[in-house]
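I have placed the structure first, in the form of structure tokens, so that the comments after it can refer back to it.
The values are calculated or read from the model by the stated rules, or taken from the named source; none is laboratory data. From a predicted model like this one, the values you see are computed outputs, not experimental measurements. When we count neighbours, we look across all protein chains shown, and the Cβ atoms used for this are built from the backbone with ideal geometry, even at glycine. Just the protein is used for accessible areas: all its heavy atoms, side chains included, with ligands, DNA and RNA removed. Shrake-Rupley method; radii C 1.70, N 1.55, O 1.52, S 1.80 Å.
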Amino acid sequence: MALSVADVQAGQELPGRTVHITRATLVQYAGASLDRNPIHWDERFATSVGLPDVIAHGMFTMAAAVNVVSDWVGDAGRVVDYGVRFTRPVAVPHDTGADVEVAGVVKSVDEAAKRATVELTATCNGEKVLGRALAVVALD
Amino acid sequence: MAVNASFAGRTYPATAPYAVGREKIREFAEAVGAVDPVHTDAEEARARGYRDVIAPPTFAVLIAQQCDRQLIVDPEAGIDFSRVVHGEQKFAHHRPITAGDEVVGELHVDTVREAGGHAMVTTRTELSTTEGERVCTATSTIVIRGGE
């Protein structure tokens with residue numbers, strides 16, 4: 001089911017995707033994650049504290065981005081290590097929502113340990129929203 | 001500085017157990033668009049060698065943030081939550097969080113530092129089952145924006 005170490009080489013690109021985020025996405029994530037900070041769903045509150053608009057939970061973007069890795073490796077349980085920096089908030093306008101483009105590339109493979117490190121990029125309107133986004137997967 | 005620097009090195013006692021449920025995992029997986037059936041189909045999860053459905057890789061934040069709250073609401077820490085921004089997050093999974101786990105978290109304040117007028121606090125939550133099996137180390141850096 002999961003990828004074998006023989007199938008993975010440094011430089012390999014993972015199938016990317018566009019994650020479309022609307023206010024409904026954020027309300028659903030707020031409920032599921034218990035992160036109910038109103039900057040993620042109340043535009044009046046968000047702008048009152050100096051934000052341009054409602055912004056997506058950084059943790060939502062982090063979670064949505066790693067799906068690229070889970071689906072590629074074939075088992076979400078193989079993501080053994082995952083870290084990101086939140087470099088820029090994703091504003092989510094009421095009318096259009098926001099699109100985050102996610103791509104991934106294999107940075108290195110440790111054949112002895114049967115592990116690979118994937119670097120993810122996530123951009124919104126051409127600007128990076130995650131930095132140093134690295135996921136380590138355990139391979140067969 | 002917008003946070004008490006003497007908090008570096010402090011540890012908070014383990015939180016009350018969080019009972020990981022199948023339906024919460026399903027709800028979280030749906031909310032983040034995680035479509036791997038390992039999150040929703042117990043038979044599929046068992047076929048892959050897990051005891052039951054497993055949580056998506058970032059689910060641990062739900063438990064870890066409850067632990068972090070101890071620091072954020074600690075009046076001695078002096079953190080103004082309205083100025084807090086999430087700067088960095090990492091998870092090191094010792095094994096996947098699985099439905100049926102009872103998870104407790106022990107919060108460690110690893111570093112408190114200042115840069116560019118902002119304070120940065122890095123916390124580490126060690127998540128383990130009530131039986132003492134380590135499941136995840138969640139490391140978080142929050143930025144407390146400096147005032148004018």
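What number, in nm² with one decimal, is the all-direction average of the projected area of the convex hull of the alpha-carbon atoms of the range A:61-127? The partial results should precede the final answer.
Values: hull surface 21.1 nm².
The orientation-averaged projected area of the Cα hull of the range A:61-127 comes to 5.3 nm².
Here, P(r) means the percent of Cα pairs in each 10 Å bin from 0 to the largest distance; for the protein assembly as shown it is 7, 28, 36, 24, 6, 0.
Ordering A:Asp95, A:Asp35, A:Asp71 by accessible surface, largest first, gives A:Asp95, A:Asp71, A:Asp35; the 1.4 Å probe counts only protein heavy atoms, with every chain in place. The base-10 log of I(q)/I(0) for chain A, evaluated at q = 0.10, 0.18, 0.21, 0.22 Å⁻¹, reads -0.37, -0.95, -1.17, -1.25 [Debye formula, identical scatterers on Cα atoms, solvent excluded].
Using DSSP to call loops (not H, G, I, E or B), can you name the trypsin sites (Lys or Arg not before Pro) in the range B:49-148 whose Cβ has at most 16 other Cβ atoms within 10 angstrom? Intermediate values should be presented prior to the final figure.
Working: sites: B:Arg51, B:Arg69, B:Arg83, B:Lys90, B:Arg113, B:Arg124, B:Arg134, B:Arg145; in loops: B:Arg51, B:Arg145.
Taking the range B:49-148 and a limit of 16 other Cβ atoms within 10 Å, the loop trypsin sites (Lys or Arg not before Pro) found are B:Arg51, B:Arg145.
Shape analysis of the range B:29-126 yields a ratio of the Cα radius of gyration to the Kirkwood radius, Rg/Rh, of 1.07.
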